Amino acid sequence: MSDPIRVRLTGVGGYLPRDVVTNDDLARKFGIETSDEWIRTRTGIGQRHIASGDETTSSMAAEAARQALEYAGVDASQVDAVLVATATPDQVFPAVAVQVQAHLGMTAGFGFDISAACSGFVYALATATALMRSGQARKVLVIGSEVFSRLLDWTDRSTCVLFGDGAGAVLLETGAGEGEGVLSTHLHSDGRTGDLLYVDGAVGCPSTSQHLRMQGREVFRHAVVKLSQAVDEALEANGLTGQDIQWMVPHQANLRIIDGMAKKLALSADRVVVTVDRHANTSAASIPLALNEAVRDGRVRKGDLVLMEALGGGLTWGSALIRM
């Protein structure tokens, strides 16, 4: 019996839009009735990056992908597949993933998008890993890219202060040793809770407002419970405990949720990668953006055990364990 195909993470990359908008800017320039203290106290957010007219989901995704390829020392022509997690595609079709192929000059392989809101990167990671383990691809770019600023109702203080734009990418390759690479992924969804976090309109719906709507308290309540379950599931599947985790790289939605998950795992603050204060919630881009930063500044190193977790609209949620 042949050995199972194991998947390792070999490259990281990220892109943040040029324009930085602070909490004070929201009040002063955008005319939103809020303050830096109000936002920081409730979310931990101090600023966010907002895409300009020439920055799109596909252009940001392509730049993050270029960085991941450069980090890994792999040419785009060697990539077998591109998976992009996004809720804000440039167009209904073609998919952002095939637009990224064009940006990178790829003439072979395949690509498609995954829509799971803020859980999108974990979903895409799980999908890519399954494709690779089945033998359909050996090198896969997994990207999260979002321009949530173009979905926001800028008169709704409860949502517009929470989100930012950006893209993060990783390169996955086969060839990990035993106990290395992607150890396991765990995905869940419950469509009955879809009215807690959604966008009110799209091409297939008669409504055309297309603004993000959220019942913040209910989402928070579900996040605490469901993320805890997903983390426990990942640890149990691998015979591990919270003390075995070197790094938690969570979805960057709210500092209170991040702190709560760290306490559950008995992880000190210096073992949790936090970017929500500077990036706000970049949805599917948040985990790969945070991982990119932590790898490049030397915090996350080869051999470290990394836990990822996220919850998003749907509701969707999931977790992943990776040995770097």
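Computed quantities for the displayed model
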{"item": "Top-ranked residue in region 156-208 [being modelled with pLDDT of 90 or more and of a type in the set (Val, Ile, Thr); ranked as farthest from Trp317 (Cα to Cα)]", "result": "Thr174"}
{"item": "Flag if Arg48 is part of a strand (DSSP E or B), buried (at least 21 other Cβ atoms within 10 Å of the Cβ) and charged (D, E, K, R)", "result": "yes"}
{"item": "Any hit, region 247-267, residues being more than 19 Å from the chain's Cα centre (by Cα) and among the β-branched types (Val, Ile, Thr)", "result": "no"}
{"item": "Close pairs (6 angstrom Cβ cut-off, 6 or more residues apart or separate chains): crowded, with 23+ Cβ neighbours inside 10 Å in region 96-124, of a type in the set (Asp, Glu) anywhere", "result": "Val96/Asp113; Ala97/Asp113"}
{"item": "Tabulated pairs, region 274-293, first assigned by TED's automatic domain parsing to the domain that holds Gly318 and on the phi > 0 side of the Ramachandran plot, second of a type in the set (A, V, I, L, M) and at pLDDT 95 or above, C-beta under 7 angstrom, 6+ apart or interchain", "result": "Ala280/Ile45; Ala280/Leu162; Ser283/Ala87; Ser283/Ala117"}
{"item": "Any hit, region 240-253, residues being farther than 23 Å from Gly194 by Cβ, exposed (fewer than 15 other Cβ atoms within 10 Å of the Cβ) and in contact (Cβ under 8 Å) with a residue 12 or more places away in the chain", "result": "yes"}
{"item": "Conditions (1) touching a Ser or Thr at 6+ places or on another chain (Cβ under 9 Å); (2) crowded, with 21+ Cβ neighbours inside 10 Å; (3) touching a residue at least 60 places away in the same chain (Cβ under 8 Å): number failed by Leu69", "result": "(1)"}
{"item": "Search result, residues across region 51-87 that are touching a Leu at 6+ places or on another chain (Cβ under 8 Å), assigned to a loop (DSSP other than H, G, I, E, B) and farther than 21 Å from Tyr198 by Cα", "result": "Val74, Asp75, Val79"}
{"item": "Helices (runs of 4 or more DSSP H) within region 210-289 that include 1 or more residues under 21 Å from Tyr15 (Cα atoms)", "result": "276-279"}
{"item": "Qualifying residue in region 259-273 (condition: at pLDDT 95 or above, among the β-branched types (Val, Ile, Thr) and not assigned by TED's automatic domain parsing to the domain that holds Thr86)", "result": "yes"}
{"item": "Positions within region 302-315 being in a strand (DSSP E or B) and either closer than 17 Å to Thr129 by Cβ or more than 15 Å from the chain's Cα centre (by Cα) (or both), in sequence order", "result": "Leu305, Val306, Leu307, Met308, Glu309, Ala310"}
{"item": "Single residue of region 219-239 satisfying the filter (more than 21 Å from the chain's Cα centre (by Cα) and touching a residue at least 24 places away in the same chain (Cβ under 8 Å)) that is nearest to Arg323 (Cα to Cα)", "result": "Asn238"}
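The rows are residues; the columns are (1) in the same structural domain as Gly13 (by TED's automatic domain parsing); (2) polar (S, T, N, Q); (3) surrounded by fewer than 23 Cβ atoms within 10 Å (Cβ to Cβ); (4) within 15 Å of Gly120 (Cβ to Cβ).
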{"position": "Glu55", "(1), (2), (3), (4)": "yes, no, yes, no"}
{"position": "Met60", "(1), (2), (3), (4)": "yes, no, no, yes"}
{"position": "Ala64", "(1), (2), (3), (4)": "yes, no, no, yes"}
{"position": "Val79", "(1), (2), (3), (4)": "yes, no, no, no"}
{"position": "Asp90", "(1), (2), (3), (4)": "yes, no, yes, no"}
{"position": "Phe93", "(1), (2), (3), (4)": "yes, no, yes, no"}
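The values are calculated or read from the model by the stated rules, or taken from the named source; none is laboratory data. Because the structure is a prediction, the values reported are computed rather than measured. Because the Cβ atoms are built from the backbone with ideal geometry, glycine has one as well, and the counts that use them run over all protein chains shown.
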